[in-house]
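This report concerns only the one structure given below.
The values are calculated or read from the model by the stated rules, or taken from the named source; none is laboratory data. Since the model is a prediction, treat every value here as computed from it, not as a measurement. Reconstructed Cβ throughout: ideal geometry from the backbone, glycine too, with neighbour counts over all protein chains shown. Side chains are part of the model used for accessible areas, which takes the heavy atoms of the whole protein and leaves out ligands, DNA and RNA. Shrake-Rupley method; radii C 1.70, N 1.55, O 1.52, S 1.80 Å.
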Amino acid sequence: MGSGSERPFSPRLGRRPTTSVDDILDAAERVGLDRLTRAAVARDLGVSDATIRHHVQSIDRLYALACARVFDGLRLDVPEEQSWQGYLRVLARRFAELLKRYPGLEDYVLRGPYERTTLGAFERIMDELMRRDPRLDRRAAHILGSRLLTLTAALRPPQRNRYPNGQYPRTELHDEQVAWTIEAFLLGADQLVTAGRLPEAIPTPDAAWTHVDGDSHS
């Protein structure tokens, strides 16, 4: 066949030859933490379930990795606040906004198991609290920081409408109730810290059951 009849070369279109863990976590965020399945992630990437399983062996592990990466986006620095109460107040607002953007994150914070980067964030929060008030030791800082996060997560309303009149609560009303509850926690905690009344707690480095190791980045 002569050169005049040759068809111009064009690259073959198709899926990317490789899929990385970061690609999978990007897809998990697009799918949604509250709707996460291996099949949905594979469909988003145009790969097989087996490809996802090769990189992340279980759906629970995939959920934990995706949530940990989202949680890593929580800003922990609050230089304008000098008191531990003010620091936690700002942190609660930021975390509530993160929960709005990523439904499903609340279950990770409430139940774990936590990835090491999440435990590192908990440690940073504890350090921020102790730096602001010399009365706070690691036990007190652990209780204050962890309970603020779990309380904020627990106040996240369910996605399904469970109200008998069919009306979901207005966002501004819910935000006001959350802010009131957090403020009540902070005021009560301040009184209990001053009185030296704190329950026994294990700071995060010693809580081995709260993290998982293993198959994340093959």
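Protein heavy-atom surface of the range 56-109, 1.4 angstrom probe: 48% of the accessible area is carbon and sulfur, with nucleic acids and ligands not counted.
In plain terms, if you count all Cα to Cα distances in the range 27-174 and split them into 10 Å steps from zero, the share in each step is 10, 35, 30, 19, 6, 0 percent. Extension gain for ARG30-LEU198 works out to 56.4 nm (0.36 nm per residue, less the C-alpha to C-alpha distance). If you add up the charges near LEU187, with Lys and Arg at +1 and Asp and Glu at -1, over every other residue whose beta carbon is less than 14 angstrom from its beta carbon, what do you get? Here the count lands on 0.
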